[in-house]
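The values are calculated or read from the model by the stated rules, or taken from the named source; none is laboratory data. Fair warning: this is a prediction, and the values are worked out from it, not measured in the lab. All Cβ positions, even for glycine, are placed from backbone atoms using ideal geometry, and neighbour counts span all protein chains on display. Quick note on the areas: whole protein, heavy atoms, side chains included, nothing else; ligands and nucleic acids left out. Shrake-Rupley method; radii C 1.70, N 1.55, O 1.52, S 1.80 Å.
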Amino acid sequence: MIYFTGGVSGWREVSLADRPGLEPVFVGIQSVFGKHSFKTYCTFIAGSPSARDQAMFEAFRMQGWDGPVGLIRASEIGHTETVDRLLARPGTDVNKAMAIDGSTALTMASQNGHTKIVEKLLARPDIDVNKAETSCGNTALIMASQKGHTEIVDRLLAHPDIDVNKARTDDGSTALTIASEKGHTEVVDRLLAH
């Protein structure tokens, strides 16, 4: 992965090989015209995982991402500690969606295989487990099924409000049809058993 690091004087492209022994700490992400092309802006520090988590949360806070947008991005990237902190904030809307495509924290965590984050989101009593993206109607179950994330499919199917047959709005595909097309037989078995 290529990172962009810097600050006031500008950003420059670096790789992990440029920073031996140090870890990248996420401080920003820029979507290019809403597509799935991102530039990850970071700084590099040494230290314990908790120090890195604290630094990342502070970076989210400084960007104004300590609300719903931050929850979506932290869920997408897999930063569990930041998700914990954002969920603990009063008034956090766990179902808030991105304006550009309707993605939510649950759909992004499900798509990217972040099981612990999915569990935390599903534990919220106000979670809408069937909320679909506005761009094509993908739900968290569809996203997890498409990627073959069996553990996440199990967690989603265990939720009492799950609609296993909810279809995409663009082509009518369901989690079952997509998992079948992708050859994810373990996911297919679980969907058929539900």
- Message: If the requirement is being over 23 Å from HIS194 (Cβ atoms), assigned to a helix (DSSP H, G or I) and of a type outside the set (Val, Ile, Thr), which of these qualifies: ALA144, ALA99, ALA109, ALA74?
- Response: ALA74
- Taking ALA99 as meeting all but one of (1) modelled with pLDDT under 95; (2) farther than 30 Å from GLU81 by Cβ, write down the number of the exception. (2)
- Task: Check region 110-128 and report whether any residue there is touching an Asp or Glu at 6+ places or on another chain (Cβ under 7 Å), of a type outside the set (A, V, I, L, M), over 17 Å from ARG73 (Cα atoms) and modelled with pLDDT of 95 or more.
- Result: no
- Those residues of region 147-165 which are open to solvent by 60 Å² or more (accessible area, probe 1.4 Å) and either part of a loop (DSSP other than H, G, I, E, B) or on the phi > 0 side of the Ramachandran plot (or both) amount to ALA158, PRO160, ASP161, ASP163, ASN165
- Is it fair to say ARG168 is in contact with a helix residue (DSSP H, G or I) (Cβ under 7 Å, 6 or more places away or on another chain) and part of a loop (DSSP other than H, G, I, E, B)? yes
- Task: May I ask you to list the residues in region 166-194 that are aliphatic (A, V, I, L, M) and open to solvent by less than 70 Å² (accessible area, probe 1.4 Å)?
- Result: ALA167, ALA175, LEU176, ILE178, ALA179, VAL187, VAL188, LEU191
- From the set of residues in region 78-96 that are among the small types (Gly, Ala, Ser) and either open to solvent by 30 Å² or more (accessible area, probe 1.4 Å) or farther than 21 Å from HIS149 by Cβ (or both), which is modelled with the lowest pLDDT? GLY91
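Quickly run through region 78-121 and pick out the residues that are closer than 28 Å to THR169 by Cβ and free of Cβ contacts under 8 Å to residues at least 12 places away in the same chain.
Across region 78-121, the qualifying residue is only ALA99.
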- Query: Is it the case that region 133-144 has a residue that's among the charged types (D, E, K, R) and open to solvent by less than 20 Å² (accessible area, probe 1.4 Å)?
  - Reply: yes
- Query: Within the bounds of region 110-122, is there any residue that is more than 29 Å from SER180 (Cα to Cα) and either of a type outside the set (Gly, Ala, Ser) or open to solvent by 10 Å² or more (accessible area, probe 1.4 Å) (or both)?
  - Reply: no
